[in-house]
1. Compute the FRET efficiency between B:W577 and A:K30 as 1/(1 + (r/R0)^6), taking r as their Cβ-Cβ distance and R0 = 30 Å, and round to the nearest 0.05.
2. Between C:T31 and C:R102, what is the label-to-label distance in nm when each label sits 7 Å out along the Cα-to-Cβ direction?
3. Rounded to the nearest 100 Å², what is the buried accessible area between C and B, both sides summed, probe 1.4 Å?
4. Connecting C-alpha atoms closer than 10 Å in a GNM of chain C, tell me which of C:S146, C:S258, C:S43 has the biggest fluctuation.
5. With all pairs of different alpha carbon atoms counted, what Kirkwood hydrodynamic radius in Å does the stretch B:609-691 show?
6. Take the solvent-accessible surface of the protein heavy atoms, probe 1.4 Å, and return the percent of it on chain C that carbon and sulfur atoms account for.
7. Would you mind giving the mean number of other chain beta-carbons within 10 Å of the Cβ of each residue in B:134-145, as a whole number?
8. I want to check the label-to-label distance for B:L89 and C:K210. Put each point 7 Å from Cα in the C-beta direction and report it in nm to one decimal.
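The values are calculated or read from the model by the stated rules, or taken from the named source; none is laboratory data. The shown structure was predicted, so the numbers you read here are calculated from the model rather than taken from an experiment. Backbone-built Cβ (ideal geometry, glycine too); neighbour counts: all protein chains shown. We work out accessible area using only protein heavy atoms, side chains counted, and drop any ligands, DNA or RNA first. Shrake-Rupley method; radii C 1.70, N 1.55, O 1.52, S 1.80 Å.
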Amino acid sequence: MHLSIKQRLVSYKSNFLAQRRPRKNQHRLKQNNLFIFPSILGGCYLLLIMLLWLLGTNYDNNLILGLCYLLLSIMLVSILHCYFNLQGLQVSSCKSSAVFCGELAMIKLKFERASLKTHSSIEVNWHSQEHNGTVQEPGQVQILDWQNRSTVEMLFPVVTISRGIFQPPRLTIKSYYPLGLLRCWCVLAIDSPVIVYPKPIAGNAHQIASSVSNSSAKPRDTQTHTAEREYQDLQTYREGEPVNQIAWKHYARTEVLYKKNYAYLTGDHCSLNWHSYPGIASELRLQYLCHQAIKLSALRQVFSLELPGCTIAMASGEEHYRKVLHALALFPENV
Amino acid sequence: MNNRGAKLRPADINWLATALLLAMLPLLNELPWWMLTLTVVMYGWRVQINRKKLLNPHKLLKFAVLIISMGLLAVSIQNIFSLQSFVGLLTLTASLKIIELEQRRDYLLLVFLGCFVSASQLLFDNSVLVFGYTLGCFFVLHLCLLRANFSPLVSALLPARELRKVMVIFLQALPIAMVLFLVVPRIGGLWQVPLNTDVAKTGVSDSLTMGSIGLLSQDYSPAMRVTFAAQQKPSNAELYWRGVVLPYFDGRTWSRQAPQDSAQPAGIKLLAKPQQLQLNSFAKQATSTKYSYQVMLEVTGRRWLYVLNTAVIAPQSSDWSLTQAANYSIARSTPIVERYQYQVDSYLDYTDTRELSAAQYQIYTQLPDSLDASGNTAATNIKSRALGRQLRAKYPESQALIAALMARFNQDFSYTLNPGKLESKNAIDDFLFTTKQGYCEHFASSSAFVLRAAGIPARIAAGYQGGQWSSDSSYLLVTQADAHAWVEVWLAGKGWVRLDPTTAVAPERIELGSTSLIAALNTNMGFVVQLNQLSLVREFRLSWDKVNYQWHRWVIGYDNQLQFSLVKKLLGGVDAWRIGLLILLVVSAVLLPILLMVYWPRRKARPAPLLISLQKLDKKIAGLKVYRRKGETLAALLDRASLVSQVNKGIFSMLGDKLNSALYGVAASQLTDEVSRTRKVSLEIDALIKKIKVN
Amino acid sequence: MNNVKKIDSTQLAVLEQLIAAIGQALLGKQTQIKLALTCILASGHLLIEDLPGMGKTTLAHAIADVLGLRYNRVQFTSDLLPTDLLGVSIFNRTEQNFEFHRGPIFTQLLLADEINRTTPKTQSALLEAMEEGQVSIEGATYELPSPFFVIATQNPSHNSGTYPLPESQLDRFMMRIQLGYPSREAELHMLRSVSNHVGARNRSNSSRVKLSALVNQEQLESLQDKAASVVVSDHLLDYLQRLIQFSREDNAFKFGISPRGSMALLCAAKAWAFLENRNYLLPEDVQQVFVAVIGHRLVGAASDQATGTLAEYILAQVDVLYE
């Protein structure tokens, strides 16, 4: 495998960092993870100092020499200021909500300051990372600048590539504060696992039918299922119940919110089964199943999931839905 | 650098333009005025472009402006290879760059250019005030730098916060910079650079016309400052700062060289080294008193130095450009275009037993008509010549003759600063026989004339007389108002002897110094003098001068030699490790407060005794597996604890009452600072806590 | 322990009587009654928020009765005008001048029923009077009587036909209390008493018990003075400040509590301590009144959050004893 030099470098660097800096869900910036080096502007500043020194020396002008030493001292002092601007900052990951593969995972990070320090002009973005031979672009830079609040929470979008547990790339935190002469930075591996569900893909009708019909005698399409919801009676509406069940006609007449109650006439229910898709790649099966689960859940239907080594009993509701998607996301890859 | 803030905020541009204008302002002394106008126009244009009122100038237009302004600069500054043109070019670049101020890169470039322009003003003026001003400019420029570093997304920045940050950085950097200034060795010029030579000539000139010194009588600007070694200080009457000797007289003006030589460049006939040594040996006589002193001379634009006669260039002075003439005046090979410090030794009361050569005798007794080339003997100042001859006849002894002349002055002459106009042709006659009032140069000039007429060699010496001691008497300040002229006469067996006819007329001029005398003379003359009389103003003038003097002595004049001696004095040696240690010490002195500031908040103040008791309680009940929750009051906590451990119920209820009343009760709010009481209560509470039974 | 002085017994008795008397009118709402009294003792205005029929008006009437204050009741409707509330100048033919007819607001205790049913214009007229203690109409300023309390009731804001009070105006009420459904016992007791009165012709008379005044104005003022003189220690002030500070720093809130809010909290807590028969303030007092005083002043960052739970969140997050 012939990688370009740049790719090799990036790969070497990320391996090195992976060994040296393990993932943690909380990092405090201190001297063992902060780096500091003059920026390009700092180089120019040194050049300016050189020029002033030449001017002062050649004209034997003590005042210009004095200014030149002042600038040098400012550079020295700003090393400290730059370092202490980041020092003590604490980054921790918050629980991030799950996403479907290909969507942007919003990684929520919490920044806490140490004591009452002010941290200014801190740039945070994802470090460019090598992933399966491709170098990922670093994400959008976000600026952190706060004085009064003790914590700041920020969302960092990152593209998810594959199903399963996703770990965000390393995070770069850097700052040129106060004068831009120096760059203080650190690269952190944040432990912020995001569950990535399979990308939902609609399978063709036949396969769906076969999957749904597994436990019932007559094959039943999900579409026909909805039609057979039967209007049963009215109940007073309570807050928190789905709005789409409100009987608006009755509301118009009586100004009281009623809820339409449906009874599911069908005695049977759907089962999503791994084995309903014979001869199809395992990833694709998961994607079909995922699509099915979304669809059934939207219809508030009762369904179960059967995967090799994992069975989820019949149920409905949000929690069940999450459980199913979770199982699909964490299904082992090589089965 | 990368992707940060490519666009600039309007406020940034305003700040930067302010900083640049501030940096350019003092340079207007040296540069043509239109450069400021150009800067303002460019800035205005930029602002209009940002407001979308004007378009970016076309490339050609920009080029044309560049060429035209370069041409104008070349015309305004005659010498293209001078310092002015270099600074002018720099300033021009900065002001033209403003129009292109679009990106962060341009902005930063301008900040750096501004630093350079601001620093270059120190090439022209190096007073304390200008240096302070430059520091101010650097401050604003660094403020710009700080602003540039903030992302434009963060628009709501508090100027106070930025100001504070830059201020803190400057205050921390200053001590380090000072040490660097003190210890980093100077290398000296690496290559030849054009110096700033256009300096106006001030102070005493190389010719003396009646009335010329009077012009200086109210100029209180410093002429020189003198620090005497050890505690020896000559009396006021001995402080004759001799600068230039004027042997030639053309009837109106005393000058340094003969009128027929005026085509040649002015110059003192300088002596070679062996002759100088011989001269020095005359001066160094056992009888004479030696004074060592250091003079800081203000810019004069001339070459001669002012010293007490008879001076010898101090052997420790490293400046080889100083040379001495036969008449003991000292000169430098180049004009004094910046403040100059020199070290000399003076031997007062010397006698020269040599003979005056015939040629010299001829020069020093020369009177105008005797040199008239056309043979026209229409002599001027006939009465004065007659007076000379008359005195000679009466007193064959030179000293008696001089005494008679002085007595004459003392009798009917008066000292004034407003002598009125004298007849131009026979000025000396007019003064001696008609007006009979004048000041030093009138007396000196006429005395020398009469003495020459009497056949005694005489010449005029010009310089300063007296001076004011600084408030702590550490140095002597000589101002232009102290300018003075006197006569030197040749007495056989004694050599050149100083004769100050002004002492005969107004001895207080010499004893009190010019300032008080002039004040006495002009009580109702002018505002300046009256102001000068006010002691407060005078005090201020003196203390301000002291600041300036120390500034020039220690900062501007700080050189390798001074550095060496100072470091040696401070550290006891100039080894590398000592200097390293000093730098380390100062850096840590700056660092330590910062580190303390950073780490201090973590260490909390020692909590009050009651709070310590509470922490003990927390630990104790943790043994019962009861943990205090946030937002839980003491009573609630203890109730919960009682449920867990019935045994301790009684203790808990007592503790609850005690703690509540100690923390919140009436006594707690009234006697919060009564340490002994709270301590007593906390002891009781601690005892109770100990009683809690934990299994 | 003995340095804790007790409040003198007559005043204590009066306070107990007050609570008991109001408790007769509104059964099983001991806490709310105490909070309402606290608010009056701290000289603050009270906002009672709940669904219709929960006894808001009953509570307000009962308080007015037992305190022996002159009171007026104004039902706020959508067509109520500021002049209906404040008064109006009418031309007097005989005297040939304008005569100011004082509106119902000129009373010691104003019951503003369903305040959020009226337009913001009228609301603000009332709230201005509450803040200034005076009414300005057509250039003339009329002092309101002293003491002047407003007890306002409102329906939950999401009810239809309401104009919710803006935060700035809510801030002027020292407390907002919610009554909630009565307990089982209280409801049974109430129903029993109603069924006993079934024979009476006029139902409204039966439900509206007229209470006799237990204190006069002087006594009320002295009670208020006593409540204000409750001692507060530095430890407690520190706790109180940390509570307020938390609301300003935590991300859960759109904005923090104003200084007016923190002062109201202190005054209310002192009055509560006084009602609890204590002459010094404990953190418990602050916690008891906290939700009522602070709840309506908080706006969550996530807008749909109930404000009461936000206040409880602060209480749970801030340590009582130390930072």
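1. Working: r = 32 Å, r/R0 = 1.08.
That gives a FRET efficiency of 0.40.
2. Using points 7 Å along Cα→Cβ, the separation is 3.9 nm.
3. Buried surface at the C/B interface: approximately 2100 Å².
4. Among C:S146, C:S258, C:S43, the largest GNM mean-square fluctuation belongs to C:S146.
5. 13.0 Å
6. Answer for chain C: carbon and sulfur cover 50 percent of the accessible area.
7. Values: counts 4, 4, 0, 0, 4, 0, 0, 0, 5, 1, 0, 8.
Mean partner shielding for this stretch: 2.
8. The answer from the label model is 10.6 nm.
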